Amino acid sequence: MRFALALASAVVVTGLVAVPAQAAAAGQIRVDQIGYGSTESKQAYLLAPTAADATFTVVDSSGRSVLTGKVGASRGGWNAGYAAVQPIDFSKVTRKGTYRIKVGAATSPSFKIDDVDDLYTPLAAKNVQFFQAQRDGANVIPGLLNRKPSHLTDRSAYVYDTPVFKGEGGDEVAEPLKRIGGPVDVEGGWFDAGDFVKFTHATSYSLAELLYAQRVDSNPALDAETKFGLKWLDKAWDSKNKTLIAQVGIGTGSEEHGFVGDHDVWRLPEADDKLNVKPGDLEYFIKHRPVFRAAKPGEKISPNLAGRVSAAFALAAQVEAKRNPALACKYLEEAASVFALAKTTDVGELVTAFPHAYYPEDSWADDLEFGATQLALAGKALGDRRAAGWATAATHWAKEYLASGDADTLNLYNTSALAHADLVRVLRAGGVRNAEVTEAQLVGDLKRQLQHGADASATSPFRTAVDVTQFDAAPRSFGYVATAKLYRGLTGDRTFDAFGTQQRDFTLGSNAWGTTLMIGVGSTFPNCPQHQAANLSGDLNGGRKVLVGAVVNGPNGADLFSDLGEMPAGSDPCTKDYTKQFDSATSVFADDLRSWPSSEPAIDFTSMASLAFTLTAQG
C-alpha cells in the first residue's frame, strides 16, 4: 500500500523537492543497466547541459571500440541543468559481451548484450526473492534480511465490522472498531508493501500474475512461493460459509479512540508478537490485528475481488492440472464458488482496502473477464462441463469492459490485457457458444492499449509511456512490457517490440536519474526503500543485505515531496543525494526512507515486473 506514515511524533519539516539544477558539470549517459537482447533494438540517452553535435563510441570489456556513430538530435530538455536529451542508437551491436558507451568525457555504466533468456530469467528469480522477504506467519524464509516468524496471533484473529473513516479519502477511523466475529485463521500470506498489512485485493492480483508467469516458465522457487500465497488465499476465502476476508490489520490508528495502527509504529514484524497487551491498550491492534470481511457471509462480493480471486485459483488449477489433478479440482471449485458470488448489479464503491482511498479502483468488468477466462481454461484442462459456460461468460464481461470506455492499461487496477490475451486463446480453440466478442475486438483493444502508450512516449525525452508525475510509474511501465509481449505472441506483429523494450529500459536505468527501479539490480539502485524490515535489518549503502528483487514506485509528482516529515521514530535514517540534480520542476525520484511516493516497494509492483521479465525471456 502506498501510504504516508502518520507517526504521532512526526514533525513536518522542509521536504525533498529541490530547485532544478542550474548547471551540470558534464553529460550523463543512461542505459539499461542489465542489458539488451542481441536482436533487440538498443537505445541509450545522453543527458546534456546543451544539445551537441557529438559522437558516441561503444567499447567492449577490453576497451576496444566496436561501434562509432553520431548522437541523435535532442528530444527536449529535462530540467534547467540538463537542457537536452539525445538518443544513442547502437542496435547494430549484436555480439554477446559486456559494453560501455562513451561520449566525450562521459561514460555509461556497463551493460551486457546477450540472449534475453540469460538476461531476464535471473531478474524474475530475484522478484521471487522479494516475495520471500514479504512472507508473514510461521513459514518465513530468513533470507538476506534474517526474517523471523511474525504475527502468529493471526492464527486466532477476530473479525470486525467495516470501519468508518473521517472525511473524504481520510484514513483515520471515525468510530471505535466493533468486533463481530471470529476467531479466524489468517496466519501467513504476504505483507503488501513496506508496512505489515495484508490485502486480498493486492494478494490475489500478484498471485495471479505469478501463476501466469509460472504457467509460462516454472521453477522450484516460484512454485514454492505461489503455493505459499495460495495457502493464505485459501484461508481468506471460506467456501463453506461463503465469506471472503478483505484485509488483515489497520493502517492508521486513532488518538480519539485510543489505539495505534500499523503505520504508526516503526518496528520489525516479529516485535508485534512480543507485546503484552489487553483490549483497550494503545497497541492492542498491533498484536491482535483486526480482520475485515469483503461482505457478510453468503452475500454478494465486490466484483473486482470476485474476479481476481477466482482468476488466481483457476490459474492454480491450470498449473496443477497434470501433476496433481485432485488439487487442481479443489482450486477449480474454490474459483467457481467465488466467481458465482460476484455482485454485478448496484455495485457501488468497490472493495479494495479499508479505506478505499488506499487503492481507489473503479473498474471491475475486466476482473470478471479475467476470472471467467481462467475458469474456462482450467475447466477445459480438467474436462469440466462448465468450461463452455465460463467461456461464454468471459465474452460477456469482455463486451461489457469494451463498452465501458475504460482507457487504462495493465496495472493493479486493470487486468484486461491478461484477460484478453487468454480469451483469444479460448476463442481460437473453438466451441464457445453465443460469444459476445470477437478475437479481432480483443486483439484490437490490446493494440489500443499499446498505441496509447506509444503515443504518450512520443512526447517524452526518454520515450517513457508513463506519466512520471503520477503514481505507479514502474509497474505501469512493466505492464506495457508484458502487454507488448502478449500482443506479439498472439499476432506475430512486431510493431510494438521496440516500444516495449524502451519501457523496460526506463525501469532499469535508462531514465533521468540513472537508477534502476528494482533493488539489488544494476550498478545504481534504491538504497533507502520505505520498508521497515529492510531499513532495520538490511544494509543502507547498497551492500549484500538488501531487499533484492523489490520494485519501487519510481518517480512521482514533485508536489508530493514537499512535506515528508522527519525520519520515522525508531528507524535508521537513510537518504541519498545522487538523484537530486536530476529532478525536474514537476517530477522527483527521491532515494529516501521517508519517500513513500517514490521509494516504497509493493507486491503488485514486483509481480508485474516478474511477469514482464518472464515473457521477455521467452524471446
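The values are calculated or read from the model by the stated rules, or taken from the named source; none is laboratory data. Values in this document were obtained by computation on a predicted structure and should not be read as measured data. Because the Cβ atoms are built from the backbone with ideal geometry, glycine has one as well, and the counts that use them run over all protein chains shown. SASA here: full protein model, heavy atoms, side chains in, ligands and nucleic acids out. Shrake-Rupley method; radii C 1.70, N 1.55, O 1.52, S 1.80 Å.
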Accessible surface, per residue, of the chain when the full set of protein chains is kept, probe 1.4 Å, Å²: 36 Å²
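Where the accessible area of the chain is counted over protein heavy atoms with a 1.4 Å probe, how much of it, in %, is carbon and sulfur?
Carbon and sulfur atoms account for 51 percent of the accessible area of the chain.
Quick check: convex hull over the Cα atoms of the chain, volume per residue in Å³, rounded to an integer?
Values: hull volume 87.2 nm³, N = 619.
Output value, Cα hull per residue: 141 Å³.
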For the stretch 452-466, Karplus couplings with θ = phi - 60° (6.51, -1.76, 1.60), whole Hz, Gly/Pro x: 4, x, 4, 5, 5, 5, 5, 9, 9, x, 9, 6, 8, 6, 7
Debye log10 I(q)/I(0) for the stretch 72-128, one point scatterer per Cα, at q = 0.12, 0.17, 0.26, 0.28 Å⁻¹: -0.47, -0.80, -1.08, -1.15
Cα-based Kirkwood hydrodynamic radius, the stretch 208-324, one decimal, Å: 16.7 Å
Eligible lysines near Lys399 by straight Cα distance, threshold 25 Å, same-chain separation 8 or greater: Lys300, Lys343, Lys380, Lys447, Lys485
Across the chain: Cys residues that no other cysteine approaches within a C-beta distance under 4.7 Å: Cys329
The stretch 432-474: proportion of alpha-carbon pairs further apart than 16 angstrom, %: 53 percent
³J(HN,Hα) computed for each position of the stretch 410-417 - Karplus, 6.51 cos²θ - 1.76 cosθ + 1.60, integer Hz, glycine/proline x: 4, 5, 3, 9, 8, 9, 4, 4
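What does the convex hull of the Cα atoms come to per residue for the stretch 34-102, in Å³? Before the final figure, lay out the partial values.
Values: hull volume 6.4 nm³, N = 69.
Dividing the Cα hull volume of the stretch 34-102 by its residues yields 92 Å³.
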Given the chain, longest segment not containing exposed loop GluC sites (Glu not before Pro) (DSSP; at most 11 other Cβ within 10 Å): 350-619
Largest to smallest principal axis extent of the C-alpha atoms in the stretch 120-231, angstrom: 49, 30, 25
Under-5 Å amide H pairs with Thr243, H placed in peptide plane, nonlocal only: Asp238, Gly298
Computed over the stretch 444-539, Kirkwood Rh from alpha-carbon pairs, angstrom: 14.4 Å
Hz values of 3J(HN,Hα) by residue in the stretch 138-150 - Karplus curve (6.51, -1.76, 1.60), Gly and Pro given as x: 7, 8, 8, 10, x, x, 5, 9, 6, 4, 10, x, 8
Cut-off under 5 Å, modelled amide H: who pairs with Glu566 long-range: Val11, Val13
